[in-house]
Amino acid sequence: MSSETSLASPLHAEFAARLIAWQRQHGRHDLPWQNTRDPYRIWLSEIMLQQTQVATVIPYYARFLDRFPTVGALAAAPLDDVMALWAGLGYYSRARNLHRCAQVVADEHGGAFPASVDALAELPGIGRSTAAAIASFAFGARATILDGNVKRVLARVFGIDGFPGEKRVENAMWVLAESLVPGAHASDADVSAYTQGLMDLGATLCVRGKPDCVRCPFADDCVANTTGRQRELPASRPKKAVPTRRTWMLVLLDGDAVMLEKRPPTGIWGGLWSLPEAPDEVALGVRARAFGANGAVSPLAPLSHTFTHFRLDIEPRVIELNGKGAQPAAVALDAQDAQTAWVALSGIDAFGVPAPVRKLLDGLRGSLL
DNA sequence: AAACCGTGGCC
DNA sequence: TGGCCAAGGTT
């Protein structure tokens, strides 16, 4: 146990027990995905909660469970339906991996999620931390998560310098987190309370901006609290200049219908339905004529959308077809490989559309009423 | 190892 | 207003 000895501190031996006691008294106990050991529900919530806040996830989680009550139902659904239900949540590779994972569980695991961390982590969209969350909540496994909450708590309590997104720092945090998990005497309920406690402490008390150290069970031991370094820990992400991209979007209208185009499965907004795009005004005109549109082009107000790593300036251009143009070849909505579709403005909910495009079309619908 | 991948809330 | 980032994983 030399690796644990090297990490030993007065707090180490008590960390798990103190956290579990705190969680039982002050943690969250009524989130929609709690109070169940159903791996499907736990898995679904964990995937949705990746890089996404609780309040944002709640309505999506309810809609998914309602539409797909079991992993088999999700596996049997068309990917397009999953994408449509996911639209607005972001990070759409999660939705594609969610669908693939459901199919692997259904086809290769007899419809039951595997119980070990290692087997879970082999499934699409499930990494080391998410596997530990599922395994601890559903199966009582003594494994640690390492999400943003845990990184913040560990950096402060144990005084760990360096940006946690950096590999070297993250590896050190994994080692520390592993050394803190409850011992073999811990019950399944203890394990659940521990994992939940890590999240609850970071999300409700050891928050980024103004941590509530007075109520923290580790206040007396916390390096950040006892040295007044709450604002410095964890170290913030190194700043980088965000590049700007510009795109022209074609709003091709035929009565109350607009033409959508399916995006490639990878890249930004992968697999979603969006407006046809072109890299400049001229190219957009060429595309419009290819769709049979020869009418007047009217610009809409440009809009800007900021992603994590770049800014997108959108130049929308409207052309009214009024039934005079040729319809695009692929319009069958039930065709698996359809790349374009005419969609009533009132019916875009059935398609997975990027959030800013959705807003644009909602505004257009309002102005046409 | 670092870049890529969304969106909304917060201040 | 804009910078910052949230229950990360994949390539």
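The values are calculated or read from the model by the stated rules, or taken from the named source; none is laboratory data. Keep in mind the model is a prediction, meaning the values are calculated, not measured. Quick reminder, even Gly has a Cβ in these numbers, built from the backbone with ideal geometry, and neighbours come from all protein chains shown. Note: accessible area is taken over every heavy atom of the protein model, side chains too, but ligands, DNA and RNA are not part of it. Shrake-Rupley method; radii C 1.70, N 1.55, O 1.52, S 1.80 Å.
On the full set of protein chains, 1.4 Å probe, figure out the accessible area of A:ARG246 and give it in Å² to the nearest 10.
140 Å²
How large is the accessible surface per residue of chain A, computed with a 1.4 Å probe and reported in Å² as a whole number?
49 Å²
Give me Rg/Rg_expected for region A:10-227, where Rg uses Cα atoms only and Rg_expected = 2.2 N^0.38 Å with N residues.
Here the answer is 1.03, to two decimals.
R0 = 30 Å: FRET efficiency of A:ALA62 with A:ARG215, Cβ-based, nearest 0.05?
That pair, A:ALA62 with A:ARG215, gives E of 0.45.
Using heavy-atom solvent-accessible surface (probe 1.4 Å) with all chains present, what is the largest-first order of A:ASP313, A:ASP66, A:ASP280?
In descending accessible area the options line up as A:ASP66, A:ASP280, A:ASP313.
Measure off 7 Å from each Cα along the Cα-to-Cβ vector at A:LEU11 and A:PHE310, then give the distance between these two points in nanometres to one decimal.
4.2 nm
Given a Förster distance of 51 angstrom, what is the FRET efficiency for A:ALA296 paired with A:SER236, based on the Cβ-Cβ distance and rounded to 0.05?
The calculated FRET efficiency here is 0.55.
Taking all protein chains in place and a 1.4 Å probe, what share, in percent, of the accessible surface of chain A do carbon and sulfur account for?
Looking at chain A in its full context, I get 53 percent from C and S.
Before rounding to the nearest 500, sum -39500 (n - 2.57) across all DSSP H runs of length at least 4 in chain A and divide by the residue total; then give [θ] at 222 nm in deg cm²/dmol.
-13000 deg cm²/dmol
When the convex hull of the Cα atoms of region A:244-366 is projected onto a plane and the area is averaged over all directions, what value comes out in nm²?
Here the figure is 7.4 nm², rounded to one decimal.
Cross-link candidates for A:LYS151: which lysines have Cα within less than 30 Å, leaving aside residues fewer than 8 places away along the same chain?
A:LYS167, A:LYS210, A:LYS239, A:LYS240
Please express the shape of region A:1-95 as an equivalent ellipsoid: the semi-axes are the square roots of 5 times the eigenvalues of the C-alpha gyration tensor, given largest first in whole angstrom.
35, 16, 13
Under 1.5 on a/c is rounded, so check that first for region A:241-292, then, if it is not, pick prolate when a/b is larger than b/c and oblate when it is not; a ≥ b ≥ c are the square roots of the alpha carbon gyration tensor eigenvalues.
oblate
Treating the beta-carbon of each Lys and Arg as +1 and of each Asp and Glu as -1, no other charges, what is the dipole magnitude of chain A about its Cα centre, to the nearest 20 debye?
Using only the charged Cβ atoms, the result is roughly 960 debye.
Between region A:246-266 and region A:208-242, how many Å separate their Cα centres?
Each part reduced to its Cα centre gives a spacing of 45 Å.
Using Cα pairs under 8 angstrom and six or more residues apart, how large is the relative contact order of chain A, in percent?
In percent, rounded to a whole number, it is 16.
Taking chain A as the reference, fit the longest principal axis to its C-alpha atoms, fit the long axis of helix A:12-26 to the helix C-alpha atoms, and give the angle between the two in degrees, 0 to 90, nearest 10.
Once rounded, the angle reads 60 degrees.
Jot down the radius of gyration and Dmax of chain A, Cα atoms only, both in angstrom.
In order Rg, Dmax, the Cα atoms of chain A give 24.5, 79 Å.
Please work out the FRET efficiency for the pair A:ARG128 and A:ARG246, using the Cβ-Cβ distance as r and a Förster radius of 35 Å; give the result to the nearest 0.05.
0.40
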